[in-house]
Amino acid sequence: MTSTSPHLVTRALRRLPIAAGPALLLLSACADERQDIFTPQGDSAEKINRLQVPVFGIAGLVGVLVLGGILVLMRQGSRRHNDAEIDPVQLEGNFKLEIGWTIAPAVLLAVVAVFTVATLLDLDDVDAAPPPELGEMEISVYGHQWWWSYEYEMNPSDTSPENTPEIVTANDLVIPAGVPIRLNIRSRDVIHSFWIPSLAGTRDAVPGRSHDLVIQADEPGVYDGQCKEFCGLSHANMKQRVVALSMPEFQTWLEQQQETQPLLEEGDVGYEGQQTFLAQCSTCHQINGLENADGEPIVVEGGAAVVSRYAPNLTHLMTRGVFAGALFDLWTTDEDGRPVVDRAQLEAWIRDPAAIKPMYDVV
Ligand code: CUA
């Protein structure tokens, strides 16, 4: 017997705070109900939670039993350590024990598997015919490095090239509350994974493929999410939100988002800003309704996504709550508590985005 046993006990005890750190961090993350797998606020998340709570309970119990057993054995070993005459009891070849600890985990895992498969089939089974008020409307969700765009198509059965999505937006996915919504999850570059923990499970966004995901928010509200597949340098900065509105509010939002912006005349408020946008930003970004410096329309009549899809469409930026891959709140409050645009943060982002959100490996 070596002399490490008592040291093992003290070392294990000393390391407890190190283990407690991540656990506390995990718990503090759960405190935010808007991004919490244990606070389901939609049908799919509810089903997942009904599975994960008992499984975590069982796994926790097994963990406590195993750890407890290890600690007891370590204590016994350290007591016997001073008495070289006592040999530990050899359990090798104990048929009953070996059968026991083989069968018990197998039974436990089989029980968990039955409920897991049942839940998976149930999740796949969700009937997500869009509510009649929305007609055939389809929402496609596109992952980009490192943000999400959302394209709303009102007549998806019209496959002619002229039929383009009526609404293209970013970061905030707006849906009506209380109804299941089917999303087509896609990617424009690498593999991402769309995840709003309190509403549904995850779905990978894979280039060249479209994966269905049904989400439902029971109540109007804001639900946070996080890309769940490592997708490059700013994977951790690729967040997203779902904003659920009541059906009448959602209808108003749909109409308002389809409005285009007018081209301003010299002397109008915002004219210079619009000119700067056209000269500098419109290579990648788009504002529906504007023409570029050569007088050519930036967007083809009636289509919102005809030009660049590789940077967020900014037509109705000020109707969103977040920007830069949902990393920053667009709004803050002034001294009187009134909502104002967080200009400092927005300007810092426009001046040097890579400084606040890593984008490439600088050597
Ligand atoms: Cu996108 Cu991780």
Check: Of all the residues that make up the range 234-275, how many are within 16 Å of the ligand (Cβ to nearest atom) and assigned to a loop (DSSP other than H, G, I, E, B)?
Finding: 2
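This table checks each residue for (1) surrounded by fewer than 10 Cβ atoms within 10 Å (Cβ to Cβ); (2) of a type in the set (K, R); (3) modelled with pLDDT under 60; (4) at positive phi.
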| site | (1), (2), (3), (4) |
| --- | --- |
| A20 | no, no, yes, no |
| R75 | no, yes, no, no |
| N94 | no, no, no, no |
| G100 | no, no, no, no |
Notebook entry, point to check: Say we look at the range 162-203 and pick out the residues that are assigned to a loop (DSSP other than H, G, I, E, B) and among the hydrophobic types (A, V, I, L, M, F, W, C); which of these is farthest from the chain's Cα centre (by Cα)?
Noted result: V179
Note to self: Just to verify a result, which residue in the range 33-64, among those that are outside any helix (DSSP H, G or I) and in contact with a strand residue (DSSP E or B) (Cβ under 7 Å, 6 or more places away or on another chain), is surrounded by the fewest Cβ atoms within 10 Å (Cβ to Cβ)?
What the structure shows: Q41
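Take the range 178-190 and flag every residue that is of a type outside the set (D, E) and either modelled with pLDDT of 95 or more or under 24 Å from L327 (Cα atoms) (or both). Break it down into steps so the answer makes sense when it comes.
The initial filter retains those residues of the range 178-190 that are of a type outside the set (D, E), namely 178-188, 190.
If the condition is that a residue be of a type outside the set (D, E) and either modelled with pLDDT of 95 or more or under 24 Å from L327 (Cα atoms) (or both), then L183, N184, I185, R186, S187, R188, V190 are the ones that fit.
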Notebook entry, point to check: Taking the condition in contact with a Phe, Trp or Tyr (Cβ under 8 Å, 6 or more places away or on another chain) and surrounded by fewer than 17 Cβ atoms within 10 Å (Cβ to Cβ), does E265 pass?
Noted result: yes
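Can you pull out every residue in the range 204-252 that is acidic (D, E) and either more than 15 Å from the chain's Cα centre (by Cα) or within 12 Å of G143 (Cβ to Cβ) (or both)? Break it down stepwise before answering.
First, the residues of the range 204-252 that are acidic (D, E): 204, 212, 218-219, 224, 229, 249.
Scanning the range 204-252 gives D204, D212, D218, E219, E229, E249.
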Check: So which residues in the range 204-233 are in a loop (DSSP other than H, G, I, E, B), of a type in the set (A, V, I, L, M) and at pLDDT 95 or above?
Finding: V206
Checklist line | Residue selected from the range 196-233 under the condition surrounded by fewer than 20 Cβ atoms within 10 Å (Cβ to Cβ) and near the ligand (Cβ under 9 Å from one of its atoms), by the criterion nearest to V174 (Cα to Cα) | finding: Q226
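Which one of these is out of contact with any Asp or Glu (no Cβ under 6 Å at 6 or more places or on another chain) and within 22 Å of G42 (Cα to Cα): E133, E166? Walk me through how you get there before you give the answer.
Details: E166 fails: within 22 Å of G42 (Cα to Cα).
After ruling out the rest, the residue left standing is E133.
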Next item on the list: Kindly indicate the residue of the range 136-161 that is small (G, A, S) and assigned to a loop (DSSP other than H, G, I, E, B) and also nearest to the chain's Cα centre (by Cα) among those meeting that condition.
Entry: S157
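The values are calculated or read from the model by the stated rules, or taken from the named source; none is laboratory data. Owing to the predicted nature of the structure, the values given are computational and were not obtained by experimental measurement. Cβ coordinates were reconstructed from backbone atoms using ideal geometry, including for glycine residues, and neighbour counts include every protein chain displayed.
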